[in-house]
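**Q** Handing you a structure now.
What follows is calculated from the coordinates using simple rules that are stated; it is not laboratory data. As the structure is a prediction and not an experimental result, all values here were calculated from the model. All Cβ positions, glycine included, derive from the backbone under ideal geometry; neighbour counts span all protein chains shown.
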Amino acid sequence: MNLKRYLNVCFVCLLLINISCASPPARDENEDVLAGSLNGEDTDHFEFIKSPLEEENLPVVSFNEIWAYVVSGKEQALKPGLPLSDIVYFGAEVDSYGHLENIPLRKKLPAFRGSVHISIVCNSRGLTHFVIEPESAARKILVDEILDAAKNYDGLNIDMELVPERDSGNFLSFLAELHAGIGDKKIFSVCVPARTQPGGTYDYVKIASISDKVFVMAYDEHWSTSKPGPIASMQWCKAVSDYALKTIGLKKLVMGIPFYGRSWGDSNPSRAIIHETTEKIKKEHGIEAIRRINGIPTFNYELTVKVQVYYEDEYSLATRAALYDRQGVRSIGFWRLGQESNAAWSVLQLTK
């Protein structure tokens, strides 16, 4: 590895330690993510496709559609000349009262020739349950507000990731109502968590039947509270795309790709502790100096923390793009602009 690349990697590692703003929208990290696991198989050393070496020229892969999320407030991440067909503008959010807030204004985006979709999120499981309840006043109000927000956009993207499993039927009817409301001239897309098998809340087949596009979030194979590992290992991505192609179909499928990474430390001292634990810490670290601030005892000690980082660059992107191309996937999408390596765009192009 040359010095320039080494310094770049060091910079990325430091950056990822403070990546709290770089992660995708909050999601339920149990059944839908875990249902997509590969039964404990080691995904780190599966070489079904040759990854390009650093001294090699990276292959350029063409796709019919390349989508990317742009977060409101970070519009400058949409730079001129990027090979993008669709932008998902993130995102209007359902507030604590069931109304839509933080609706992004399309005029704030730089000029873009492709399609722009407004994204709708709801980051509460309980609130999601109530606002999608059929025949409820809350649902009627929310549907009207979403349809109104979508008027100045080319498409509507639903990114509601905390739907309770018991409400899966209500969610489907909610989606159908929204799709009917925006009409046939706008693109209706729905985000779904990565899966490799049937089950859970988000039924790929049923959602695809009432959507124009289905954005499969093929990332967070490992997440903030899991053991360290790739955000999206190649073997896992292959299994996810295999299942998505069978259930969603080539025409409607958009395979999501992460630009972000994560870091994990082997120790996290931030916690509530009982007196017995406090005394154990004092003994283990040889704490003798105890200060009192207004009568409250306090002390300091230092830990050496080993941090492991998994991240994405143009080489992993080239490998993943070649994988999806080999499987026949024609549409991909990224979470999110502003997190990528500048060189990432050198391996992608839109089909002319």
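**Q** With the requirement that a residue be more than 21 Å from residue 202 (Cα to Cα), in a helix (DSSP H, G or I) and either touching an Asp or Glu at 6+ places or on another chain (Cβ under 8 Å) or not hydrophobic (A, V, I, L, M, F, W, C) (or both), what does the range 159-183 give you?
**A** Here is the first cut: in the range 159-183, the ones more than 21 Å from residue 202 (Cα to Cα) are 181-183.
Those left that are additionally in a helix (DSSP H, G or I): 181-182.
Within the range 159-183, 181 is the sole residue that qualifies.
**Q** Which of the residues spanning the range 101-127 are part of a helix (DSSP H, G or I) and touching a strand residue (DSSP E or B) at 6+ places or on another chain (Cβ under 8 Å)?
**A** Initially, the range 101-127 is screened for residues part of a helix (DSSP H, G or I), giving 106-108, 125-127.
Of everything in the range 101-127, those that are part of a helix (DSSP H, G or I) and touching a strand residue (DSSP E or B) at 6+ places or on another chain (Cβ under 8 Å) turn out to be 106, 127.
**Q** Next question. Any idea which of 194, 244 is among the aliphatic types (A, V, I, L, M) and in contact with an Asp or Glu (Cβ under 9 Å, 6 or more places away or on another chain)?
**A** Going through 194, 244 in turn, just one is among the aliphatic types (A, V, I, L, M) and in contact with an Asp or Glu (Cβ under 9 Å, 6 or more places away or on another chain): 194.
**Q** Name the single residue that is nearest to the chain's Cα centre (by Cα) among those in the range 295-313 being within 30 Å of residue 342 (Cα to Cα) and of a type outside the set (Ser, Thr, Tyr). Let's see the steps before the verdict.
**A** Filtering the range 295-313 for residues within 30 Å of residue 342 (Cα to Cα) gives 306-313.
Those left that are additionally of a type outside the set (Ser, Thr, Tyr): 306-309, 312-313.
Values: 306: 26, 307: 22, 308: 20, 309: 17, 312: 13, 313: 16 Å.
So, considering only residues that are within 30 Å of residue 342 (Cα to Cα) and of a type outside the set (Ser, Thr, Tyr), the one nearest to the chain's Cα centre (by Cα) is 312.
**Q** Follow-up. Looking only at residues that are in a loop (DSSP other than H, G, I, E, B) and charged (D, E, K, R) in the range 270-294, which one is farthest from the chain's Cα centre (by Cα)?
**A** Of everything passing the filter in the range 270-294, 288 is farthest from the chain's Cα centre (by Cα).
**Q** Quick one: how many residues across the range 253-269 are among the small types (Gly, Ala, Ser) and touching a helix residue (DSSP H, G or I) at 6+ places or on another chain (Cβ under 6 Å)?
**A** So the count comes out to 2.
**Q** Hey, another quick one. Is it the case, given these coordinates, that residue 136 is within 24 Å of residue 258 (Cβ to Cβ) and exposed (fewer than 15 other Cβ atoms within 10 Å of the Cβ)?
**A** It is false that residue 136 is within 24 Å of residue 258 (Cβ to Cβ) and exposed (fewer than 15 other Cβ atoms within 10 Å of the Cβ).
**Q** Would you call residue 233 within 14 Å of residue 323 (Cβ to Cβ), among the hydroxyl-bearing types (Ser, Thr, Tyr) and crowded, with 17+ Cβ neighbours inside 10 Å?
**A** Yes, satisfied.
**Q** Let me ask something additional. Being under 25 Å from residue 76 (Cα atoms) and free of Cβ contacts under 8 Å to residues at least 12 places away in the same chain, is that true of even one residue in the range 113-134?
**A** Looking through the range 113-134, at least one residue is under 25 Å from residue 76 (Cα atoms) and free of Cβ contacts under 8 Å to residues at least 12 places away in the same chain.
**Q** What's the number of the condition residue 156 fails, among (1) buried (at least 22 other Cβ atoms within 10 Å of the Cβ); (2) in a helix (DSSP H, G or I)?
**A** Evaluating residue 156 over (1) buried (at least 22 other Cβ atoms within 10 Å of the Cβ); (2) in a helix (DSSP H, G or I) leaves (2) as the failure.
**Q** Going through the range 230-269 one residue at a time, which ones are under 16 Å from the mean Cα position of the chain (by Cα), assigned to a loop (DSSP other than H, G, I, E, B) and over 29 Å from residue 208 (Cβ atoms)?
**A** The answer is 261, and nothing else.
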